[in-house]
Amino acid sequence: MADDWLQLFPEKVRALLKCLPLPLLGMVEEIRVREGRPLEINYSGKYHFLRANGSLTQKPEEAYRPDREDSHRLLDLISNHSLYTMEEELRKGFITIPGGHRIGLAGRTVLSGGGVEHLRDITSFNVRIAREVPGVADKVLPYLLDKGRQRMMHTLILSPPQHGKTTLLRDIARQISLGDLGKREGNRPGLKVGIVDERSEIAGSRRGIPAFDVGPRTDILDGCPKAEGMMMMIRSLSPDVLIADEIGRPEDADAVTEALHAGISVVASAHGKEVIELARRPGLGGLLEQKMFERYVILHRSEAGLSFRILDGQKRGLLLISPGDRLGGDLHA
């Protein structure tokens, strides 16, 4: 069911969410539950508080305030009644549950050896709803394909958090794995795709089975650190294309370099607004300096919708796709 994520919430909060109109409920991206503070939702980049009768308001003083019982019940539900089994997730500050939904957590940290051991007294939850959008990569993908060599170009997708990077990666995986099978004008074969899904968000796997359609020729390493997972894929699964979300550490950059030298295309994402920002990062700066990526896709979200800006390996503009565009506009025009 499209709204199965509602079952994550305690009864009182779930009842309020069910009061939302169905079209709006289908657009909800985040629900922020903060104990003793206003209940907040985000849809299409817009933030509202939720009243006790299920209606929306911009005034925090009018909003429903989840209590201690709500937060305890929510934690119980998302941990499947076994919080002790989530120690590693609690140390990282988030839990990913079946379906690819990700819950960010905040509370009191417990330190050990100068680092965070785990969280306790959790009172803030940011529930991010994962959805697949088949076709979201339609306008972008032709500019990422080297059709003459039947391969994907090495591509970095860039945007601030919650602008659609993971959703775009998911559909790119689906389409390049499937190829042009079933399309009258198509003759592009499907490629072997390897997804290193460290946070279980791209494929939303449960017991190794993806909840989302990521293509018929796709293998997934679920819950595996990106750098280690990419090396495992290179050694044992011979992918044509490696996909990873939110790279940035020096070890991630080393694994990307190893993949490129092995003749494997890499499609990855990173946080940022512009390519120039990445040059100052210890991990990604080296990849940019060595011109490892052949394409950059920059996502920008506004009230009008999502736009895509595509740059070549020299960071020159190739295409701008604005909300509502059918084909996009040539940036050289």
Point to revise | Residue pairs meeting the criteria (Cβ under 7 Å; at least 6 apart or on separate chains; first under 17 Å from THR123 (Cβ atoms), in the stretch 14-41; second in a loop (DSSP other than H, G, I, E, B) and among the aromatic types (Phe, Trp, Tyr)) | key: LEU39/TYR64
Exercise for review: Mind listing whichever residues of the stretch 80-110 are free of Cβ contacts under 8 Å to residues at least 24 places away in the same chain, buried (at least 17 other Cβ atoms within 10 Å of the Cβ) and not in a helix (DSSP H, G or I)?
Suggested key: ILE95, LEU105, GLY107
Check your understanding: Pick from the stretch 44-59 the residues that are farther than 23 Å from GLN162 by Cα and not charged (D, E, K, R): which of them is least open to solvent (accessible area, probe 1.4 Å)?
Key -> GLY54
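Could you check, for the stretch 147-162, whether at least one of its residues is open to solvent by 10 Å² or more (accessible area, probe 1.4 Å), over 30 Å from MET27 (Cβ atoms) and modelled with pLDDT of 95 or more? Before you say what the answer is, go through the steps one by one.
Going residue by residue through the stretch 147-162, those that are open to solvent by 10 Å² or more (accessible area, probe 1.4 Å) are 147-151, 153-154, 160-162.
Now restrict to residues that are over 30 Å from MET27 (Cβ atoms): 147-151, 153-154.
If we keep only those that are modelled with pLDDT of 95 or more as well, we get 153-154.
Within the stretch 147-162 (the criterion being open to solvent by 10 Å² or more (accessible area, probe 1.4 Å), over 30 Å from MET27 (Cβ atoms) and modelled with pLDDT of 95 or more), the answer is yes, since at least one residue qualifies.
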**Study point:** Per-region count, the stretch 215-236, residues open to solvent by 70 Å² or more (accessible area, probe 1.4 Å) and either within 23 Å of THR167 (Cβ to Cβ) or hydrophobic (A, V, I, L, M, F, W, C) (or both)
**Key:** 3
Exercise for review: Go over the candidates LEU8, LEU39, LEU20, LEU83 one by one and state the one that is at pLDDT 85 or above and under 30 Å from GLY208 (Cβ atoms).
Suggested key: LEU8
Check your understanding: Is one or more of the residues making up the stretch 29-43 open to solvent by 70 Å² or more (accessible area, probe 1.4 Å) and under 26 Å from SER307 (Cβ atoms)?
Key -> no
Check your understanding: Which condition number in (1) out of contact with any Asp or Glu (no Cβ under 8 Å at 6 or more places or on another chain); (2) under 16 Å from ARG14 (Cβ atoms); (3) buried (at least 18 other Cβ atoms within 10 Å of the Cβ) is the one that LEU77 fails?
Key -> (3)
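The values are calculated or read from the model by the stated rules, or taken from the named source; none is laboratory data. As the structure is a prediction and not an experimental result, all values here were calculated from the model. No Cβ is skipped: glycine too gets one built from the backbone with ideal geometry, and neighbour counts run over all protein chains shown. With ligands, DNA and RNA removed, areas are computed over all heavy atoms of the protein, side chains included. Shrake-Rupley method; radii C 1.70, N 1.55, O 1.52, S 1.80 Å.
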